[in-house]
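Single-structure report; data block below.
The values are calculated or read from the model by the stated rules, or taken from the named source; none is laboratory data. Because the structure is predicted, anything quoted here is derived from the model rather than measured. Counting neighbours? That spans all protein chains shown, and the Cβs are built from the backbone with ideal geometry, glycine included. For the accessible areas, the whole protein counts, side chains as well, though only heavy atoms, and no ligand, DNA or RNA atoms are used. Shrake-Rupley method; radii C 1.70, N 1.55, O 1.52, S 1.80 Å.
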4 protein chains.
Amino acid sequence: MMKTNTVKISSGLEIGKDFVVMAGPCSIESTDQFQETADFIKSKGAQILRGGMFKLRTDPESFQGLGQEAYSIAKEIKSSTNLPFISEVTDPRQISDFHDIVDVFQVGSRNMHNYALLKELGGAGKPVLLKRGFAGLIKEWLLSAEYVVKSGNEKVILCERGIRTFETATRNTFDINAIAFAKKHSPFPVIADPSHGTGATDLVVPVALAAAVAGADGLMVEVHPNPEQALSDGYQALDFSQFEELMTRLPTVLQAIDKALAPS
Amino acid sequence: MMKTNTVKISSGLEIGKDFVVMAGPCSIESTDQFQETADFIKSKGAQILRGGMFKLRTDPESFQGLGQEAYSIAKEIKSSTNLPFISEVTDPRQISDFHDIVDVFQVGSRNMHNYALLKELGGAGKPVLLKRGFAGLIKEWLLSAEYVVKSGNEKVILCERGIRTFETATRNTFDINAIAFAKKHSPFPVIADPSHGTGATDLVVPVALAAAVAGADGLMVEVHPNPEQALSDGYQALDFSQFEELMTRLPTVLQAIDKALAPS
Amino acid sequence: MMKTNTVKISSGLEIGKDFVVMAGPCSIESTDQFQETADFIKSKGAQILRGGMFKLRTDPESFQGLGQEAYSIAKEIKSSTNLPFISEVTDPRQISDFHDIVDVFQVGSRNMHNYALLKELGGAGKPVLLKRGFAGLIKEWLLSAEYVVKSGNEKVILCERGIRTFETATRNTFDINAIAFAKKHSPFPVIADPSHGTGATDLVVPVALAAAVAGADGLMVEVHPNPEQALSDGYQALDFSQFEELMTRLPTVLQAIDKALAPS
Amino acid sequence: MMKTNTVKISSGLEIGKDFVVMAGPCSIESTDQFQETADFIKSKGAQILRGGMFKLRTDPESFQGLGQEAYSIAKEIKSSTNLPFISEVTDPRQISDFHDIVDVFQVGSRNMHNYALLKELGGAGKPVLLKRGFAGLIKEWLLSAEYVVKSGNEKVILCERGIRTFETATRNTFDINAIAFAKKHSPFPVIADPSHGTGATDLVVPVALAAAVAGADGLMVEVHPNPEQALSDGYQALDFSQFEELMTRLPTVLQAIDKALAPS
């Protein structure tokens, strides 16, 4: 196994060291929804808050995220909870706006091959979480990480979120091999996203724990106060009690492989 | 079969009416290479010139295209041959520069899901050729076309260029079903790209002719004066004699299905 | 392109020479249904009759074919129409029974890797049509053909019938590249099955004609007097008027590539 | 989660109860190789011995297993170690021969759709381990299990061994979702085969432990005294020290999810 880089997020938090949990709703929908979720995930030990502001949706008629309206909500909740914040950037022209808001720039699965965006993030000075394209070869994923590094930014974190296969019982096929492979053959920390990786609430917890055991450095999970009312991806979001179950079981599993959850 | 839109390219050329051939090198490499290729493909009956200026390459160390240096070459050859020109746009910020140069904006396979780019092209006022993502569902491809249409631009042309499957004997699996399906179920003209669709020079001609018979409204093929010396994708480019073979056989095959090659 | 073997079916019919059409229902359902279909496909120029007796169905509750009850029906119709007959063998223990009935043994897609069956067919002395597994690499398909050849039977015919991919708009993805590839790189004749390859009646004709142009030596198509009443796979069967359209258009397309339909 | 059936293998061993480990070489190559491996895996706590006698190889020139020559070796080692034995049956005509030798019939990935074999195993009276086809939908896998059950044998054990996808960095993509899904939605015990699932020795241990945490009821792993000399699949076999590492780490991981290794 290669030595893993650590990527510093805040004074007390380095990805690639202790195990981290990034949690929050697919999309920021309102101040109340985001505040309630942020407070809850923090209380259960998550270290980083996630929440989409610009959503890439295949259907132009679907909810596209609050966009710039979400900026003030994100700032407010980030400040009140004191949690680092990660959100997806979908256009190189958003980077300057995001600079004051996010602690980690997320590159979504559909943008793994968007080299214009990757190069621009090379100059962003902040960590970049690079999701694997849903049809991206592991080799291409590592080369996309190189685009960011060669453009001047070594703070790259990989994220496996499932690939597109012939299987239809699950939304994607979570590639657990890719977790183990990337840990063996690359220096980047690797985060697992079992929410997209399964697309099914009842599979998120077992696959999340499995990813931890396979070597992941952390998780990104979607959590919503009321998944059935979510404006996007509710079928794969954990409700509060399910997230609590995950956070209860996770430390025991980590201990079995000589790891520990990072302090929140 | 749905009635197909026609997309006007120039005074005498409408895609969706007679069959069109777009040809040229993967990348513009030099004035000489581009001039020689353009003259040749025009002499054999191609109606539209292609040539990459910005290339999306998975490896940051690979040749990335001449970039802005190609602008003057493209203008010069376009003017000397009087051929409409199509080239791939990889960043929304390139659109204004491209406006004076291209007659058709090409959206590459890796950008089918780049909705920021698609929305911007809705205001570009010129035709957009939308390649199918190599892991894009046909349904998603048609929805990506809707992004452009809903942003104000109805001049959308689809392009099937092969999908990523388990097969490794060919670079991609050319989805001939998708040609027939899109012609039955969408109003957009459909172009076939057998160069990327096969990734193998010796398969390009049979698959090109097959695509024509399946209902395609035209072809996009890579042609290079010396494929072995090409700076990108030489293994799938036709040399001049192979392109001549294609253009010799094509009219006979089109006639068999009551179609004809557009005048050049 | 490699020189193609010819496989003699009857005194006047060799596969790999002129273009052949194998047609008939997915399953033999009754004497009347099979007689009516056989008479019709013969009248339109098909040279070989197909009809399933043992069906491989993923669901044990689905119709499994008439089994041995179909033997007498098959013999009767074969004799009255004087058409060679092809049917799928699903178990090495059926081979001796089939010997008096079929002129070509069909190995279905699910059995491409069934080496016990392939070896046994090496001693069968009659032609074997080997369908590609729906997840079989082209290389594996050619090696499966070698299993039959090395077991003593050189009369192997390949059949491309679509592969399983992420696409769901069509039942399978018909791999037109595989037709062109197998013709270039193997000595076996290649048949195209656009019925399974598309899984959609309205795509069968365009994809069938495309396969012919890509180099196929023949077609296998499902035809049913009343597809909506079919006991299996009705959604992909041509009705009589659709089959007639195919057989009307086929000779013109073949002529455009200097080929011709075999005499019936 | 559905209640899991238990499948009794011997007086002290039930699959679906405590966690089981099936281990041994891909192929039985000689008495010495099989004896040495069997002794070792037993000493480290494995409960069931595996070893191929008939191998399904894509290339007819590859080593096909010792075939009937392996019968006496298998009997001898089984008796000396007193371990239950599992081996792959590739032809319905082998079943009677196998009856005296194996305790569990293994159906390989290439035979998941071989319904003639599945139906015959319905009458075999002994447990059947049904590997998922490398392109089999989870739904089809469960229906194949139904073929065995409806033919009279309820002692079915599922085995996930990886699926064929576009990824080439690993031999297969181990579908961890399928483990969790099958445990939630079917009554059958589920075994994980990380040897085929990864095809790479250095990924076997992390993926094996992950599968346990995702809910698997046991493992099947390939172990060889000298993987580099193995006659088949050596690139994915654990050597003795690697297997020892797995068996050392496994109990701790199982304990973290309130499970335990079955007594050997």
From the C-alpha gyration tensor of the range D:7-256, square roots of 5λ in Å: 23, 22, 19
Calculated label separations, D:D239, copies of the chain, 7 Å along the beta-carbon direction, nm: 4.9, 5.3, 6.8
Residues of the range C:125-264: accessible area per residue with a 1.4 Å probe, Å²: 28 Å²
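Starting from the Kirkwood radius over alpha-carbon pairs of the range A:57-129, derive D by Stokes-Einstein at 20 °C in a medium of 1.002 mPa s and give it in µm² s⁻¹.
163 µm²/s
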Within the accessible area of the range B:1-141 (1.4 Å probe), percent carbon and sulfur: 44 percent
Inter-copy label distances at A:P263 (7 Å, Cα→Cβ; nm, one decimal): 4.6, 8.1, 9.3
Over the range C:13-79: Rg over Rh, Cα atoms, Kirkwood Rh: 1.03
Point-to-point label distance, D:E61-B:S79, nm (Cα→Cβ direction, 7 Å offset): 6.0 nm
For chain D, built as a Gaussian network whose Cα springs stay under 10 Å, the top-fluctuating residue of D:A216, D:A124, D:A74: D:A124
Modelled FRET efficiency - R0 25 Å, C:K3 with C:A260, Cβ distances, 0.05 increments: 0.85
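Is the C-alpha gyration tensor of the protein assembly as shown telling us rounded, prolate or oblate? Criteria: a/c under 1.5 is rounded; beyond that, a/b larger than b/c is prolate, otherwise oblate.
Here the protein assembly as shown falls in the oblate category.
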HN-Hα J in Hz across the range C:116-133 - Karplus 6.51, -1.76, 1.60, θ = phi - 60°, x for Gly and Pro: 4, 5, 4, 5, 5, 6, x, x, 7, x, 10, x, 10, 9, 9, 6, 6, x
Under 5 Å, built H, 5+ apart or other chain: amide partners of D:V223: D:G24, D:C26, D:L238
For the range A:29-37, 3J(HN,Hα) per residue [Karplus equation, 6.51 cos²θ - 1.76 cosθ + 1.60, θ = phi - 60°, Hz, x = Gly/Pro]: 10, 6, 4, 4, 4, 6, 4, 4, 5
Virtual spin-label span in nm between C:I101 and D:K17, 7 Å along Cα→Cβ: 4.7 nm
Chain A: relative contact order in percent, alpha carbon pairs under 8 Å with at least 6 residues between: 21 percent
Axis-nearest residue in chain D [Cβ, rotation onto C], distance in whole Å: D:A135, 2
Karplus 3J(HN,Hα) series, Hz, for the range C:99-113 with 6.51 cos²θ - 1.76 cosθ + 1.60 (x for Gly, Pro): 4, 7, 10, 9, 9, 9, 7, 9, 9, x, 4, 6, 10, 4, 9
The range B:179-243-the range C:124-180 distance, computed between alpha-carbon centres (Å): 24 Å
Kirkwood-Stokes translational diffusion coefficient of the range A:2-46, alpha-carbon pairs, 37 °C, 0.692 mPa s, µm²/s: 267 µm²/s
Residues B:S151 and C:E69, FRET efficiency given R0 of 45 Å [Cβ-Cβ distance, rounded to 0.05]: 0.15
Teacher prompt: A:S10 distances to equivalent labels in other copies, 7 Å Cα→Cβ, nm: 5.6, 6.0, 8.1
Under 16 Å from D:K139, Cα to Cα: aspartates and glutamates that are on another chain or at least 8 residues apart: A:E167, C:D59, C:E61, D:E160, D:D175
Amide H partners (placed H, <5 Å) of C:G52, local residues excluded: C:S27, C:I28
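In Å², rounded to the nearest 100, what is the total accessible surface buried by chains B and C against each other with a 1.4 Å probe?
3000 Å²
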Cα gyration tensor shape of the range B:189-264, rounded if a/c is under 1.5, else prolate or oblate by comparing a/b with b/c: prolate
Estimated FRET transfer efficiency when R0 is 45 angstrom, pair A:T31-B:T31 (beta carbons, to 0.05): 0.20
Over the range D:1-134, volume per residue of the alpha carbon convex hull, in Å³: 129 Å³
Amide H within-cut-off set for D:F174, under 5 Å, with H built and near neighbours excluded: A:N177, D:I163
